[in-house]
Amino acid sequence: MKKKLILAGILASSLTLATACGNSDTASSNDDSKEKTESTQSQSKEDKSTENNSSDKKTSSKEDSNSQISDTGVMNKEITKTLESAKAKAVYDNKEPNISSDQKGFKFNVDRYQVVHVTNVDDENIFDGAKEGYIVTVKATVNNQSDGKAYFNIPDLQGKDMFDTHLNRRATVYESLLEPKAEGTVDEPSYYKKGEKQTGLFEFYLTKEEYEGLKNAHTKMVIPYASSNKDMTKHLGEEEKLDMPLAKVDKEEQAKNDEKAAQEAPYKDNILDNNVAEKEVLSKKATLNLTQKSEKVDVTVEGVEYSKLNPTESYKNEFTSFDGEDVVAASVKLKVKNNTDSDITLRQFSVFLQNDNVKFLDQGTLGSHAGTVSPGQEGEKYVVFLMKRKSDFEATNNFTFRITHITNSDGKDLLSKELDFNLPTK
């Protein structure tokens, strides 16, 4: 099955112009009339204050006026207001989602989210022409306590893997959309000012088929990094993917689904990230968990994946020296723990893969790594080797994966001995 990587982000920007209504500049000369007017205005303020206080009492501490629950149980009342003929019913409501991010003081927190089943929809643009589907409404708070302004994209929704991505859309949320207070344009996007705090909503629209697939998947919210500049090059943090179930989860069933997803999902090396080729997984051992420890680093081979590659048009000429055989990529997933008191880099590894007949070299540009690992922390790295399917992959039952050097940025080897791991092919 061919899969396409969707890389997209939608920068939340306020494009609404505010207008102010002026009062008459003509004053009444009648004192009684003036007193009556002032009395009416005062009473109006008192009534409004009483109404607001009453509303606050009825609304939980986690809810504000933008997201009060309607009589139908739907958090976002704009759904039926915008889709006039539609009927909406909440089918899942998570009031304690435990989804939050802190990027050097730029704080994003999901206060609540809700899945709403919508039927009798006349707008063909909502659910790809269908009259029913599901809307996931998220209520979140942004609190910019960083050192300056912050640009931030609204998060996306990810299903079983990185290819199953759903972008937020703006179709029914207008009055209560989560966005900065300042206006923005395409050339000058809006941003959250230092100290600015905003609470609002955003939504995802799912067809019936998409929701059925997502409700049993290990669905996650993809929280993008915030940036201190509009070009999004000065990161305040890194992208995070946090659990966001869309239905009540049975823990045992979820564990089975997670294991199955791990087995089926291709590794996220640069073969996929750079659109070099599509992968057809031939064999995968996702839970090897082979660990060797040393004084400065612990290395764990979490798994190995063997995939037939179908190069994309731009890279077909790069795979012509395999004697007409299918090209197989052996992708090794590593976890490296830093046992030193300073940062180490995962870039400079000397590794190779071999069987009794052939030694395969590391295809550095096809692998990927997490960059720098802090003391006491762990980092992830993928190492990729290329081989012929029949002559190499199918001709053996196992390979030896060898790490001879792990060199830090100062040129010193972090290994006291060579590390060898046995990797099965079937």
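Every number here is computed from the coordinates shown, using simple stated rules; none is lab data. Given the structure is predicted, the values throughout are model-derived calculations rather than measurements. Glycine also receives a Cβ, built like all others from the backbone with ideal geometry; neighbour counts cover every protein chain displayed.
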Over segment 172-249, the quotient of the Cα radius of gyration and 2.2 N^0.38 Å is 1.38
For segment 365-373, take each phi angle, set θ = phi - 60°, evaluate the Karplus expression 6.51 cos²θ - 1.76 cosθ + 1.60, and give the result in whole Hz per residue in order, putting x for glycine and proline.
6, 8, x, 7, 7, 8, x, 9, 10
Measuring from label point to label point, each 7 Å out along Cα→Cβ, what is the Lys268 to Lys241 span in nm?
0.4 nm
Under a crude label model (7 Å from the Cα following the beta-carbon direction), how far is Thr165 from Glu212 in nanometres?
2.6 nm
Kindly identify segment 267-424 as rounded, prolate or oblate by the Cα gyration tensor criterion: order the square roots of the eigenvalues as a ≥ b ≥ c, call it rounded if a/c is under 1.5, otherwise compare a/b with b/c, prolate if a/b is larger, else oblate.
prolate
Output wanted: per-residue J couplings in Hz (rounded whole) for segment 234-249, from phi through Karplus 6.51 cos²θ - 1.76 cosθ + 1.60, θ = phi - 60°, x for Gly and Pro.
9, 5, 8, x, 10, 4, 10, 10, 10, 4, 8, x, 9, 7, 4, 9
Where a ≥ b ≥ c are the square roots of the eigenvalues of the C-alpha gyration tensor, would you call segment 117-201 rounded, which needs a/c under 1.5, or, failing that, prolate if a/b is larger than b/c, or oblate?
prolate
To the nearest 0.05, how large is the calculated FRET efficiency for Asn397 and Asp93 if R₀ is 56 Å and r is the Cβ-Cβ distance?
0.65
What's the ranking of 244-252, 95-103, 176-184, 315-323 by average number of surrounding C-beta atoms within 10 Å, highest first?
176-184, 95-103, 244-252, 315-323
Efficiency by 1/(1 + (r/R0)^6): what FRET value for Glu84 and Glu183, r their Cβ-Cβ distance, R0 = 30 Å, to the nearest 0.05?
0.55
Kirkwood Rh over Cα pairs of segment 67-257 into Stokes-Einstein at 20 °C, 1.002 mPa s: D in µm²/s?
123 µm²/s
What is the distance in Å between the Cα centres of segment 77-129 and segment 133-187?
12 Å
Subtracting the Cα-Cα distance of Val281 and Glu175 from 0.36 nm times their residue separation yields 33.5 nm
